[in-house]
Amino acid sequence: MPQQDPADLTLEEKASLLSGKDFGTTKAIAGVPSMRLADGPHGLRHQDAETDHLGVHDSRPATCFPTAAAAGSSWDPEVAAEIGAAIGREARAAGVTISLGPGVNIKRSPLCGRNFEYYSEDPLLSGALGASHVRALQNEGVGASVKHFAANNQETDRMRVSADVDERTLREIYFPAFEKVVTEAHPATVMCSYNKINGVYASQHRWLLTDVLRGEWGFDGVVVSDWGAVADRVAALAAGLDLEMPGTNGITDAEIVAAVRSGELDEAVVDQSVRRVATLSQLAGPPSGTVDVEAHHALAKRLAVECAVLLKNDQAALPIAPGAEVAVIGEFAVEARFQGGGSSHVNPTRVDTALDSIRALGTSVSYARGLDDNAVEIAREAEVTVVFAGLQEIDESEGYDRDTIDLPADQVDLIRRVAAVSRRTVVVLSHGGVVALEGWHDEVDAILDCWLLGQAGGAAIADLLYGVANPSGRLAETIPLRLQDNPSYFNFPGEQGHVRYGEGVLVGYRYYETAEVEVRYPFGHGLSYTSFETSDLSVTATGDDSALVSVTVTNTGSVAGKHVVQVYVATDAGPVRRPARELRAFTKIALAPGESRTVELALDRRAFAYYDIELSQWVVAPGDYTVQIGQSAAVVVAESQITLVGDVIRRELSLDSPVQDWFGHPIVGPLITRTLSEGMTEEQASQAADSADQMRMVASLPMKQFTHFLTQSGMHLPPDALTDMIELSKN
Ligand code: BGC
């Protein structure tokens, strides 16, 4: 257990400890052992030490689990935990110290090329899954690297672009998933992002990496750079970035040494990062344990089953009866599309194809690759036609964004021509970023949205199609009708070095629901082969700013299934614009046919709070809150209102504060009303009583100007009295 005292090391040694040796390891120096860092989020991409990391396909075989886009759709922290634990076992067996994941960035635009690596458009869902992954991974003795901190929501110009985001939006949308992971799961490392935030590189952002991450959230691990994210090594170290990856052959280590020698950088800053890196290195060790490759493949299948979302199922087209004549069409049925491109690319231990798995379950299955085969002919003969469609790996990847959400035209053509002749048409979609369903949605009977299910996805799909398993996924992001409907449309991917997050907190369903924009399928939507009923909602305040929700769910159908209880909060309390509703708690439960279960979910203070930029704090505004149980973000099946005492907020007044703040202040308000009325003649008092409209007009006037207006009207507010009131407002 090396507890390295920086005093024992030379400055050169210390600087050298703070950057990588190569792409995937750190240096062993003076008793501090070398660490291995490897991707990633849904499977291990472990390369031999000297291999160039851009050769992403050359990693050692590892299990490819469902990607984050799929795991997000499971709405099940247990799924994320099983993925984390399994990656932990594989990492430990490979001697990997840090597994680079999970990614908890928010899906701001459906176009982001890396959306497959992120869970959701919602911060609570992303944070809950991310924290679960990290906890389970680290229980295996491997460190996590939650990434990419922060506001890394696009690939276009990702290493330079400035994400221009207001603080409330950062706090309410882009930070909470990181905050939850850091405060609840204590990741060994946090990876800073490539981009700038409001003009400053994340790697050099002191407020981000030190004030918020360490100061407010109590992070005590190592901040590691994304690979190549450091523009200025000395500025980054001073801001709170401990470890630069990959190495730079000593070039930037020498910059640190020179900065200390010239007095530009305090050596204590270097020492602090050395201590953190040395503590982290206690996780390093030789490979240990073995991996049961078959068991992990079986696990990958079991988890994939939990992730697929049944979007539509008219005429009970699914599940397919085992004896039915089935036509399978499409390339992805034989060449599975199950993961995305870039640094997260796993070299799978084995791949299940859907066609083989379907043939193992069905008795009569024909296959055509596409239209230049005999697709239309076999569809005409079959009782059910299953078309495999989606995006190719090249269509979406780390490193670039998409410019459309449409399915490729040849696939739309294929689906439509098949649907025109088939008795029942089922479409199975594989893709990382959301795809529009327009132009063919109404012509097919069922759609199973599989996202990217990992190496056992093919077998999972077959089980779901034949009812061996019951779909239980729910959308973790909205499927819009058109790309243009997305709130980031006019501000993505930005221009001339800046991307303005103009939609503020109205991201994803928060926007669609608030602006009442019709979507194809809302966030939270997903069908099952059984049905569920929600009853007996009760919501009780458990304090001034918290509540307990109790609700009963019954499986009213004839097969076992899983249901996601989604709790949203809606309010217009407080001085800021609130989204129509926000997801504040959820849980996934399994129910046998006829079974009822009552679940309780706690809503803590944060469930009701907004971030107040004037007070620099979270505030629960006194007022009414509607707690809603949603079948999705768009369909509320039960609701109940509570009134919360909330926080007592006294805003400090100044002569620049608007009249409404003065009169609305709990202490100063009554006082100023009294002072004003004491100085009025009877006539002025009766005029004032009749002038409610005028009061509305002057409500936003700064007090200073208001006093001038009063003087013009022959009224008076003594300056001393105002000064006293300003003092009073500070208490
Ligand atoms: C990616 C990270 C990844 C790192 C190491 C970077 O390009 O942005 O997510 O962990 O490479 O492979």
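The values are calculated or read from the model by the stated rules, or taken from the named source; none is laboratory data. This structure is a prediction, so every number in the text was calculated from the model and none was measured. Every residue, glycine as well, gets a Cβ built from its backbone with ideal geometry; the counts of neighbours run over all protein chains shown.
List of remarks:
- Hits in the range 124-170 (condition: of a type outside the set (S, T, N, Q), in contact with a Pro (Cβ under 8 Å, 6 or more places away or on another chain), closer than 27 Å to A93 by Cα and not in a helix (DSSP H, G or I)): G143, A144, V146, K147
- All positions within the range 625-659 that are within 23 Å of G504 (Cβ to Cβ) and over 26 Å from the mean Cα position of the chain (by Cα): G646, D647, I649, R651, P658
- Screening T425 on (1) of a type in the set (S, T, Y); (2) within 16 Å of the ligand (Cβ to nearest atom); (3) within 20 Å of L527 (Cα to Cα) shows it passes everything except condition (2).
- Scanning the range 52-69 for residues that are away from the ligand (no atom under 11 Å from the Cβ) and either modelled with pLDDT of 95 or more or not charged (D, E, K, R) (or both) yields a count of 11.
- Residue pairs meeting the criteria (Cβ under 8 Å; at least 6 apart or on separate chains; first over 17 Å from H296 (Cβ atoms), in the range 88-103; second in a helix (DSSP H, G or I) and within 13 Å of the ligand (Cβ to nearest atom)): P102/A68; G103/A68; G103/E117
- Residue that is farthest from G113 (Cα to Cα) [pool: residues in the range 406-450 that are outside any helix (DSSP H, G or I) and charged (D, E, K, R)]: R423
- Among the residues of the range 113-135, those that are closer than 18 Å to G524 by Cβ and away from the ligand (no atom under 13 Å from the Cβ) comprise N115, Y119, S120, E121, D122, P123, L124, L125, S126, G127, A128, L129.
- Flag if A49 is surrounded by fewer than 22 Cβ atoms within 10 Å (Cβ to Cβ), within 16 Å of the ligand (Cβ to nearest atom) and at pLDDT below 95: yes
- Of the numbered criteria (1) closer than 27 Å to V507 by Cα; (2) not in a helix (DSSP H, G or I), the one G247 fails is (1).
- Qualifying residue in the range 345-354 (condition: within 16 Å of the ligand (Cβ to nearest atom), closer than 18 Å to G457 by Cα, of a type in the set (S, T, N, Q) and not in a strand (DSSP E or B)): yes
- The set of residues from the range 383-405 being more than 16 Å from the ligand (Cβ to nearest atom), part of a loop (DSSP other than H, G, I, E, B) and surrounded by 17 or more Cβ atoms within 10 Å (Cβ to Cβ) comprises L391, R402, I405.
- V212 falls short on exactly one of the conditions (1) assigned to a helix (DSSP H, G or I); (2) free of Cβ contacts under 8 Å to residues at least 40 places away in the same chain; (3) touching a helix residue (DSSP H, G or I) at 6+ places or on another chain (Cβ under 7 Å), and that condition is (3).
- Members of the range 674-728 found to be within 17 Å of D661 (Cβ to Cβ) and hydroxyl-bearing (S, T, Y), listed by number: T675, S700, T707, T723
- Taking each residue of the range 134-157 that is on the phi < 0 side of the Ramachandran plot and looking for partners that are modelled with pLDDT under 95 and of a type in the set (D, E, K, R) with beta-carbon atoms closer than 8 Å, six or more apart or interchain, yields nothing.
- Among residues that are modelled with pLDDT of 95 or more and under 27 Å from G561 (Cβ atoms), D292 is not included.
To keep it simple, each residue is scored yes or no on (1) over 23 Å from S472 (Cβ atoms); (2) of a type outside the set (S, T, Y).
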{"position": "V576", "(1), (2)": "yes, yes"}
{"position": "F586", "(1), (2)": "no, yes"}
{"position": "A592", "(1), (2)": "no, yes"}
{"position": "F608", "(1), (2)": "yes, yes"}
{"position": "I613", "(1), (2)": "yes, yes"}
{"position": "S616", "(1), (2)": "yes, no"}
{"position": "Q628", "(1), (2)": "no, yes"}
{"position": "A634", "(1), (2)": "no, yes"}
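- Long-range neighbours under 6 Å by Cβ, at least six apart or interchain, first residue touching a residue at least 12 places away in the same chain (Cβ under 8 Å) within the range 175-187, second polar (S, T, N, Q) and part of a helix (DSSP H, G or I): A177/S126
- In the range 164-214, the residues that are within 16 Å of the ligand (Cβ to nearest atom), closer than 23 Å to L37 by Cα and touching a strand residue (DSSP E or B) at 6+ places or on another chain (Cβ under 6 Å): F178, V181, P187, A188, T189, V190, M191, C192, S193, N195, A202, S203
- Single residue of the range 70-112 satisfying the filter (part of a loop (DSSP other than H, G, I, E, B) and surrounded by fewer than 24 Cβ atoms within 10 Å (Cβ to Cβ)) that is nearest to the ligand (Cβ to nearest atom): A94
- Unique match (being closer than 18 Å to S126 by Cβ and among the hydroxyl-bearing types (S, T, Y)) among T63, T25, T67: T67
Residue by residue, here is whether (1) farther than 23 Å from T156 by Cα; (2) not hydroxyl-bearing (S, T, Y) holds:
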| site | (1), (2) |
| --- | --- |
| V181 | yes, yes |
| A185 | yes, yes |
| S193 | no, no |
| L208 | no, yes |
| G215 | yes, yes |
| G218 | yes, yes |
| A229 | no, yes |
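- Odd one out for S677, checked against (1) closer than 29 Å to A541 by Cβ; (2) without any contact (Cβ under 8 Å) to a residue 60 or more places away in the chain: (1)
- One residue from A268, A231 being hydrophobic (A, V, I, L, M, F, W, C), surrounded by fewer than 18 Cβ atoms within 10 Å (Cβ to Cβ) and in a helix (DSSP H, G or I): A268
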